[in-house]
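Laboratory data are not the source of any read-out in this text; all were calculated from the coordinates shown. Bear in mind the structure is a predicted one, so any value in this text is a computation, not a measurement. Positions of Cβ are generated from backbone atoms using ideal geometry, with glycine treated the same way; all protein chains shown enter the neighbour counts.
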Protein chains: 2
Amino acid sequence: MAIVALAGGVGASKLLLGLSKVLPAEDLTVTVNTGDDLELHGLSISPDLDIVTYTLAGIANPATGWGIREDTFAALEWLGKYGRPAWFHLGDRDLATHIHRTALLRSGSSVSEAGHSISAAFGVKVRILPMSDQPVRTMLRTSEGLLAFQEYLVHRRAEPVVEGIEFAGAGQALPSPGVIESIGSADGIVICPSNPLISIGPILAVPGIREALRARRSEVLAVSPIVGGKSLKGPSDRMLEQLGMKASALTVAGLYRDFAGRFLLDLQDHELQPSIEALDMKVALAQTVMRSDDDKRVLAQSVLSFLGQARK
Amino acid sequence: MAIVALAGGVGASKLLLGLSKVLPAEDLTVTVNTGDDLELHGLSISPDLDIVTYTLAGIANPATGWGIREDTFAALEWLGKYGRPAWFHLGDRDLATHIHRTALLRSGSSVSEAGHSISAAFGVKVRILPMSDQPVRTMLRTSEGLLAFQEYLVHRRAEPVVEGIEFAGAGQALPSPGVIESIGSADGIVICPSNPLISIGPILAVPGIREALRARRSEVLAVSPIVGGKSLKGPSDRMLEQLGMKASALTVAGLYRDFAGRFLLDLQDHELQPSIEALDMKVALAQTVMRSDDDKRVLAQSVLSFLGQARK
């Protein structure tokens, strides 16, 4: 059963790990947000691509949710001695990824090709695609001015009030090779439980992707990233409210209604089922909070089973 | 007493450390070879500038002669996983230097400015100047073809037979700001006990430097890098012989005779004194092999005292 997953970083990784356990690797394609990418210390850093790759490679740091297991921070400490910003925590092993990617990009490789070189080095067979090979940068209009996404999230700890979101460069970007084709040919498409505004939002902003999803609406399943009015990970809830929306699975369903025909709702939120069904979406209920590897597999099975119904 | 030292890397560092102990820091200017510079993993690496800086900062690794004390190699191991060449040993802390330098160069800083940022971070008050802000690359014609210097020295462990030496780019290079001026105004100039062919040679190949030294010939003192027919450090002896010269302090004196009026010879080589004096050079004898910090200070004192005689 060929599955395409649209993913941000940490929020998506747990479900992706579950899917990779219940599907043959070659059946899974992940299209990843690159709106969070940044250039720091002259290095091209793709945090979401990396966390997805590290997770599927089995080398992610489970304690932090980012970076590589048992990584050290000697280089970062010394970059600090040179007066370089040290707020973005780059481990020594992680730094090798950024150095390798940057060297490949400078020698003419695309973001896709560089990403493939990195995932291949760890024997990852799942196909991991950046949403675009062109730069798209998620910029937040905030109470402290326009901030690049990592500035806002990591440096300013998501404290500024968000007043608007822009995806700089999205208009000129193309979906990377394979993104549209894989959506077209998949048996089902999963929108991972990532921040709808700044993880899934940038992917949808790349011309052509939202349209490709719409054409597959009945096979597109979104997993709610909001449970009981709180985000599973990160500042989605706060951000929705600052932008005048209610932090609720129903809000997310509303944001996705034009291209997602199925919505996987947490059991806690069962009372929202009628309202979401009123958006012309089929709803299934499941335990979406993943605490153990078993939870991840079970949720992945629920996703596949709900998508399987679409094919009957 | 304002002193200028011309220096390669490891060979020069011991004497530079000695000079820095017996002179006020502001009296010492070091012009360093950058012919060994290389680009690896997309990073601009200046091995000789770094080892001089690390030595004067008191953070060099005394065991290896290169790199930073107690450095770790996590990033390098991971660069190897990505199939990148791992023969040039880059420690994690050392890597921060290369990342910082590369970022500065890419944002428009000169090699001099980047070097100053690095030495200033460690509070080094000695003035360290690259020989040039333009790229000069020491290329060796060898039995295995044309090799960049670090390829030859580190990757191929100085095993290929050297048939010729070229300094690519030297014709277009300019001395970096301060190099010519400091030679002109110094009370004395020291040619450190570095490889005359591939450490001092590139510096002399930058247009204007050899001429500036010639104008100060009686105040230019060379410390022999060859003792008893063997190089103090590195492959100088072998390289001289492969190029048809005898590995001897006398050969080095001959290479420097047009611009160096003084030669500090090791006590072991006292029998060469008359032949070197016949080159119109004043000769002093000293113990030039530096095993302890005390040896370094004593040799530095000998250098200053021999140069002091030039001023009388």
Tell me, what HN-Hα J-couplings in whole Hz come from the Karplus equation 6.51 cos²θ - 1.76 cosθ + 1.60 at θ = phi - 60° for each residue of segment B:290-302, using x for Gly and Pro?
9, 9, 10, 4, 5, 4, 5, 5, 5, 5, 4, 4, 4
Roughly how many debye, to the nearest 20, is the charge dipole of the protein assembly as shown about its Cα centre, given +1 on each Lys and Arg Cβ, -1 on each Asp and Glu Cβ, and no other charges?
120 debye
Would you mind calculating the relative contact order of segment A:4-45 from Cα pairs under 8 angstrom and at least 6 residues apart, reporting the percent as a whole number?
46 percent
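Would you tell me the mean number of C-beta atoms belonging to other protein chains that fall within 10 Å of each C-beta in B:34-46, as a whole number?
On the way: counts 0, 0, 0, 0, 0, 2, 2, 5, 12, 5, 1, 0, 0.
Taking all residues of B:34-46 together, the mean is 2.
Among A:6-17, B:122-133, how do they line up by average Cβ neighbours within 10 Å per residue, starting with the highest?
Details: A:6-17: 25.7, B:122-133: 20.7.
Those peptides, ordered most packed to least, come out A:6-17, B:122-133.
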The pairs in A:21/A:81; B:21/B:233; A:21/A:282; A:125/A:246; A:81/B:14 lying past 32 Å Cα-Cα in this model are A:21/A:81; A:125/A:246
For the B-to-A rotation axis, chain B residue with nearest beta carbon and its distance in angstrom
B:92, 2
Average other protein chain Cβ within 10 Å of Cβ, residues A:88-101
6
Order B:246-256, B:21-31 from most to least packed using the mean count of other Cβ atoms within 10 Å.
B:246-256, B:21-31
Residue-wise, which Karplus ³J(HN,Hα) couplings in Hz belong to segment B:270-279, taking 6.51 cos²θ - 1.76 cosθ + 1.60, θ = phi - 60°, and x for glycine or proline?
4, 5, 7, 3, x, 5, 6, 4, 5, 8
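Please get the size of the charge dipole for chain A, origin at its Cα centre, with Cβ charges of +1 on Lys and Arg and -1 on Asp and Glu, quoted in debye to the nearest 20.
Values: 30 positive and 34 negative charges, 62 e Å.
For this selection, approximately 300 debye.
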In straight Cα distance, which aspartates and glutamates are under 15 Å from residue B:296, not counting same-chain residues fewer than 8 positions off?
B:266
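Sorting B:220, B:136 on the 10 Å Cβ count, fewest up front, what's the list? Please report the intermediate quantities before stating the final value.
Numbers: B:220 27, B:136 23.
The order, fewest Cβ neighbours first, is B:136, B:220.
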For the protein assembly as shown, just the Cα set please: Rg and Dmax, both in angstrom.
31.2, 105
Could you work out [θ]222 nm for chain B from helices alone, using -39500 (n - 2.57) per DSSP H run of at least four and dividing by all its residues? Round to the nearest 500 deg cm²/dmol.
-10500 deg cm²/dmol
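Shielding of B:68-80 by partners, i.e. mean partner chain Cβ atoms within 10 Å per residue? Spell out each step's value before the answer.
Values: counts 2, 0, 1, 3, 4, 2, 13, 14, 2, 3, 13, 7, 2.
Per-residue shielding by partner chains comes out at 5.
Summing +1 for each Lys or Arg and -1 for each Asp or Glu, what net charge is found among the other residues whose Cβ lies under 14 Å from the Cβ of residue B:20?
Details: positive: B:14, B:21, B:125, B:127, B:296, B:297; negative: B:26, B:27, B:293.
Once positives and negatives cancel, what remains is +3.
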Nm distances between copies for residue A:305, ranked from closest, using label points 7 Å along Cα→Cβ:
9.1
Label spacing, shortest first and in nm, from residue B:246 to its equivalents in the remaining copies (7 angstrom along Cα→Cβ)
9.7
Please find the FRET efficiency linking residue B:161 to residue A:125, where r is the Cβ-Cβ separation and R0 is fixed at 56 Å, and quote it to the nearest 0.05.
0.75
For the charge dipole of the protein assembly as shown, defined by +1 on Lys and Arg C-beta atoms and -1 on Asp and Glu C-beta atoms about the Cα centroid, which residue among A:169, A:251, B:11 has the Cα displaced farthest towards the positive pole?
B:11
For label points placed 7 Å from Cα toward Cβ, what is the shortest-first list of nm distances from residue B:109 to its copies?
2.7
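Between residue A:23 and residue B:154, what is the FRET efficiency for a Förster distance of 56 Å, r being their Cβ-Cβ separation, to the nearest 0.05?
Numbers: r = 46 Å, r/R0 = 0.82.
With a Förster radius of 56 Å, E is 0.75.
What order, most packed first, do the peptides A:168-181, B:35-48, A:280-293 have when packing is the mean number of other Cβ atoms within 10 Å of each residue? Could the numbers behind the result be given before it?
Numbers: A:168-181: 17.7, B:35-48: 22.3, A:280-293: 16.2.
For the peptides A:168-181, B:35-48, A:280-293, the packing ranking is B:35-48, A:168-181, A:280-293.
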So between residue B:270 and residue B:309, what do we pick up on full extension, going 0.36 nm a residue minus the alpha carbon distance?
12.0 nm
Given unit charges at Cβ for Lys, Arg (+) and Asp, Glu (-), the dipole magnitude of segment B:88-165 about its Cα centre in debye, nearest 20, is 220 debye
Could you let me know the centre-to-centre spacing of segment B:48-62 and segment A:111-172, using Cα atoms, in angstrom?
38 Å
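Most exposed first by the Cβ proxy, i.e. fewest other Cβ within 10 Å, how do B:59, B:191 rank? Could the numbers behind the result be given before it?
On the way: B:59 17, B:191 29.
Ascending Cβ contact count within 10 Å gives the list B:59, B:191.
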Percent RCO, i.e. relative contact order, over chain A, from Cα pairs under 8 Å lying at least 6 residues apart
20 percent
In bins 20 Å wide, starting from 0, what share of all Cα pairs of chain A does each bin hold, as a percent?
35, 60, 6, 0
